[in-house]
Amino acid sequence: RKNDFAAASADYGQIVRLQEMTADTWADYADVAASLNGNSLVGKPEEYLQAALSLDPQHAKALWLLASLQHETGQYALAVSTWKKLTIVVGPDSSNAKLVAANLAEDQQLADSQARAVTMAVANSVAVRGEVVLSDALRTKVPAGLTLFIIAKSVDSPGAPLAVLRTTTGSWPVKFELNDTLAMLPERKLSTARKVTVEARVSKSGQATPQTGDLLGMTNPLDPTAGKPVRIIIERVIG
């Protein structure tokens with residue numbers, strides 16, 4: 001209570017040596033150690049918290065400090081779980097109930113933001129990259145300036161393409177990248193698919209719907225998260 005944390009720490013060290021520690025004293029020791037650790041619960045304070053909770057898993061102060069540690073280290077989902085446990089321990093009529101609820105709300109918001117960021121990071125990392133080439137038999141049949149569609153389709157979920165890239169023919173090979181920014185529908189994205197095929201189609205009419213006379217090449221089913229380069233050979237004429 002006098003904020004003489006160094007002396008308090010020395011006294012707790014003696015109690016440890018006497019093997020007389022309780023959940024209360026371990027939780028208090030963690031608090032003191034954090035004060036001597038720049039108000040951080042990382043390191044020795046965490047060890048003392050775990051000792052307190054091993055003796056009493058429902059210890060209010062130890063749970064509070066554990067949730068604070070999880071918040072400090074950015075483990076917001078774990079902090080939410082701990083605050084919820086503490087909510088039950090302290091009860092709705094406790095003088096600390098409102099503060100616990102506020103801390104829970106804050107970490108819930110942070111956990112949700114963190115989860116969204118992780119989801120977006122995963123989605124942004126998913127891309128199919130590669131090149132489109134012409135077979136020897138078709139090299140003289142594709143002038144520059146025709147429309148070239150490169151399209152990813154789901155193997156397991158027929159429907160609208162997952163990604164569509166529209167470009168024009170010219171020099172070969174044509175380098176490409178398909179990702180979620182090229183999705184036609186928000187609910188159908190490359191990052192949500194387990195297996196896809198990628199087709200390259202030269203459209204003489206410029207229409208998105210395949211027409212007789214268009215030139216086509218297609219991959220075998222592939223995993224869009226694998227990150228392996230793809231090579232598509234346009235070798236078939238749609239009859």
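Overview of values
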item: Label-point separation, R116 to L146 (7 Å along Cα→Cβ), nm; result: 4.5
item: Pairwise Lys count, the chain - Cα closer than 18 Å, eight or more residues apart or different chains; result: 12
item: Cα gyration tensor of the range 1-87 - equivalent ellipsoid semi-axes, whole Å, descending; result: 22, 15, 10
item: Surface accessible to a 1.4 Å probe, per residue, for the residues of the chain, Å²; result: 58
item: Solvent-accessible surface (1.4 angstrom probe) belonging to E72, in square angstrom, nearest 10; result: 80
item: Label point distance in nm, I238-A6, each placed 7 Å from Cα along Cα→Cβ; result: 8.2
item: Separation in nanometres of the label points that stand 7 Å from Cα toward Cβ, at Q207 and K195; result: 3.1
item: Whole-percent carbon and sulfur share, accessible surface of the range 89-239, 1.4 Å; result: 54
item: Accessible surface of the range 20-76, 1.4 Å probe, proportion on carbon and sulfur as whole %; result: 49
item: The chain shape via C-alpha gyration tensor axes, a/c threshold 1.5; result: prolate
item: Shape metrics for the range 129-239, restricted to C-alpha atoms - Rg then Dmax, Å; result: 13.4, 40
item: Theoretical gain in end-to-end length, D156 to S95 [0.36 nm per residue, Cα-Cα removed]; result: 16.5 nm
item: Calculated [θ] (222 nm, deg cm²/dmol) that DSSP helices of n ≥ 4 give over the chain, each run adding -39,500 (n - 2.57); result: -13000 deg cm²/dmol
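The values are calculated or read from the model by the stated rules, or taken from the named source; none is laboratory data. Just so we're clear, the structure is a prediction, and the values are computed from it rather than from any experiment. Quick reminder, even Gly has a Cβ in these numbers, built from the backbone with ideal geometry, and neighbours come from all protein chains shown. Ligands, DNA and RNA are stripped out before the accessible areas are found, and what is left, the full protein with its side chains, is counted by its heavy atoms. Shrake-Rupley method; radii C 1.70, N 1.55, O 1.52, S 1.80 Å.
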